[in-house]
Amino acid sequence: MTAYAYYPGCSLSGMGKPYDESLRAVFGHLGLGLEEIPDWNCCGATSYMSIDEQKAVALAARNLALAEPMGAEVLAPCAACYLVLSKAQHMMTDYPAIAAKVNKGLQAAGLTYTGRVVVRHPLDILVNDVGLNAIRAAVTRPLAGYRVAPYYGCQVVRPYGTFDDPLRPQAMDRLLEALGAQVVEYPLKAHCCGGSLMGTMEDIGVRLSFLLLKEARARTANVLATACPLCQYNLEGYQGKMRRTYGEDVTLPIVYFTQLVGLAFGLAPKALGLQRNLVTADPLPAAV
Amino acid sequence: MQNGTTHCRYAEDVNPAFPAEIMTKPGGEALRDCIQCGTCSGACPMAVHMDLTPRRVIALTRAGLERDVLQSATPWLCASCYECQVRCPREIKVTEVMYALKRRAIEKGMYPKRFPVPILAKAFYNMVASHGRNSESRVVIELALRTNPLSLLKMAPIGLKLIRTGRMVLGQDHIKDPKQLQAILNAMEES
C-alpha cells in the first residue's frame, strides 16, 4: 500500500475540516494510506514570511525534517502549505547561506534536513499517480447533472506547482470529467479569491470573490470545486455580503474537489463532511 | 499618501543603497532587468486598489525612493497569488520583491500605520513562534481587537455558523514541544 506523510496544516482541523474528512475517505477508498507527520508545526503561511524569511524557511524545514524518516512523500492538501513547503525546499537549494542557518537551527533541535522528501498535492496524486482510468473504475455514481466550475486558485499551481500549467491548469478538469461531471469553461479558474485579505481588507476580498462566483454562474455552473481551504471559505462564507454589496444573487455551493470524488465513489455525504458546508448542497443534483 | 503624480522628488529623497539592498534579498536579484512593460500591473488582481501599481513600485525601488515605496500600501495589498511573477517576461520574482519590501518596511517601522495587514502578520508570527500552530479563530479575534473591535459583532453570525458546523476550534492549538521549535528559532538568531 502506498502511504503518504500527511501534513494537514492548521486549517484542516478548523475551517477546512470537510477537506480533511473527504481526503481521508477518498484516499482510504483507493487504498492509499495517510500517516500524519508527528508533531508537525504551522507552515507559517504568507504572514510569517512577511516578517522573517529565514525563520519562515526553518518552520517549513522542521516539518520536512520530521517527515524524512517516514520515507514517504509529503501530502499537503492546503494550497498555502503546499506552496510554503515547496518554497522552503527551493530556498534551501538556491541559497546556501540560508540553508546553513536553517540547518544550524534544526541541529539545535536534533533534526536533519537532507532535501530528499517530495512535496505533493492530492490533485496531482489522484490525476497522475492513481490515474484517470483507476478513478473511472472506482466511480459507482457518476456525477450526472453536475455542472462544475473547476477552481484551482493560485498557490496550488503557482509558482512551484510542477504538475500543471500555472495559468491555465487542466488536472481538475480532467478529474471531474472522469467522475462523470460536466466541467464548464471557467477562465477565472486560477484567478485570486483575495486570500487572507478577506480577513484584513474585507471589501477588496469580497469584490474578488464576487467576480469569481458571478462568472461561474454566468457559465451555468451549479457547483464550484476548490482545492484550498481559504478559497473555499472566502467563496462560501461571504455570499450574503456579496448579495448586499452588489445587489446580485451569486448563491452557489462551494465544495472541495475531494468531496465530489467521494460522492462519485458512492461514499456517504457525511463521511465527506458535506453537512459542514455552509451553503447547503441542496441545489446540487439529486445524487446528494 | 503621495501618489507620485502631484509630488516632486529631490536628490535628498533618494537612498542609493536601497535598490542594492533589495537586490541582495532572495528573489530581488533581477530587479535591474525590468523593462517597465507593466505586465505585472496588468496581471495583478489587486492593482486597482493600490496607491502604486507593481510596475511603479519596481521603478521607484530602482530609483532609490525608499520612503515612497515603504510607506505605500502596495506590498501589503499583495495577495501572494504569484500571477505577476509567472507572467513577467524578464523573470523578475515580483511577488518575492513585495515580500522583501514588507520585511524592510517592518524593520524600518515605515509601513502604513493602522493598516490591518501588517498587524495580522505580527499577530500570526507571534502565535506561531510561541505555540507552533495557528488557531484561525484566535488570530481573527486578536486582529479585530487591535483594529476594529466592533467588527466582532458583524462577524458573529458567520462565527456561529462555523461553530454549528464544527469548523471553528476556539482553543489554542499547539505542538507538543514548543520549546523544540523555539530552540530552532533561537539558534538561528545566534549566528
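Where a number appears in this text, it was derived from the coordinates with a stated rule and is not lab data. Note that the structure is a prediction, hence the values are computed from the model and not measured. As a convention, Cβ positions derive from the backbone with ideal geometry for all residues, glycine included, and neighbour counts pool all protein chains shown.
For the range B:97-140 versus the range A:133-176, the spacing of their alpha-carbon centroids is 33 Å. With the cut-off at 1.5 for a/c, could you classify the range B:116-190 from its C-alpha gyration tensor as rounded, prolate or oblate? Oblate. For the pairs A:17/B:161; A:241/B:161; A:241/A:270, note any where the Cα-Cα span goes beyond 19 Å. Long pairs (Cα-Cα over 19 Å): A:241/A:270. Taking the number of Cβ atoms within 10 Å of each Cβ as an exposure proxy, the fewest-first ranking of A:118, B:97 is A:118, B:97.
Going from the residue with the fewest nearby Cβ atoms within 10 Å to the one with the most, A:257, A:210 rank A:210, A:257.
Taking amide H as placed 1.01 Å from N in the peptide plane, the amide H of residue A:223 sits under 5 Å from that of A:147, A:149, each at least 5 places away or on another chain. Among the listed pairs B:93/B:113; A:55/B:93; A:55/B:122, a Cα-Cα separation exceeding 18 Å is found for B:93/B:113; A:55/B:93. Would any residue of the range A:189-210 have its amide N under 18 Å from a label point 7 Å out along Cα→Cβ of residue B:160? List them or say none. Within reach of a label on residue B:160, which here means backbone N under 18 Å from a point 7 Å along Cα→Cβ, the range A:189-210 contributes nothing.
Note on residue B:147/residue B:12: beta-carbon distance plugged into 1/(1 + (r/R0)^6) with R0 of 30 Å gives a FRET efficiency of 0.30. Applying 1/(1 + (r/R0)^6) with r as the Cβ-Cβ distance of residue A:243 and residue A:168 and R0 = 41 angstrom yields a FRET efficiency of 0.85. Percent relative contact order of chain A, based on C-alpha pairs within less than 8 angstrom and at least six residues apart? The value is 20 percent. Phi angles across the range A:78-92 convert, under the Karplus curve 6.51 cos²θ - 1.76 cosθ + 1.60 with θ = phi - 60°, into 3J(HN,Hα) values of 6, 4, 5, 4, 4, 5, 5, 5, 5, 4, 4, 5, 5, 5, 5 Hz, Gly and Pro given as x.
With contacts taken as Cα pairs under 8 Å at a separation of at least 6 residues, the range B:11-107 carries a relative contact order of 37 percent. In this structure, the amide hydrogen of residue B:82, modeled 1.01 Å from its nitrogen in the peptide plane, lies closer than 5 angstrom to no residue at least 5 positions away or on a different chain. Residue by residue, the range B:99-111 carries 3J(HN,Hα) couplings of 4, 4, 5, 4, 5, 4, 5, 5, 4, 8, x, 9, 5 Hz when phi is fed to the Karplus relation 6.51 cos²θ - 1.76 cosθ + 1.60 (θ = phi - 60°); x denotes Gly or Pro.
Computed from the Cβ-Cβ distance with R0 of 60 Å, the FRET efficiency linking residue A:270 to residue B:24 stands at 0.65.
Label-to-label distance, residue B:48 versus residue A:140, with points set 7 angstrom from Cα along the beta-carbon direction: 4.8 nm.
Note on the range B:11-107: dipole from Cβ charges, positive end direction compared against B:81, B:94, B:27; the farthest Cα belongs to B:81.
Amide H contacts under 5 Å for residue A:33: A:2, A:3, A:4, restricted to partners 5 or more places along the chain or on a different chain, H placed in the peptide plane at 1.01 Å from N. Neighbour counting of Cβ atoms within 10 Å sorts the residues A:198, B:50, fewest neighbours leading, into B:50, A:198.
So, counting K/R as plus one and D/E as minus one, what does the shell of residues with Cβ under 14 Å around residue B:172 add up to? Taking every other residue near residue B:172 into account, the sum is 0. Relative contact order for the range B:116-190: 39 percent, from Cα pairs under 8 Å spaced at least 6 residues apart, divided by residue count. Each residue of the range B:54-60 was assigned a 3J(HN,Hα) from its phi angle through the Karplus curve 6.51 cos²θ - 1.76 cosθ + 1.60 (θ = phi - 60°); the sequence is x, 4, 5, 4, 5, 4, 5 Hz, with glycine and proline shown as x.
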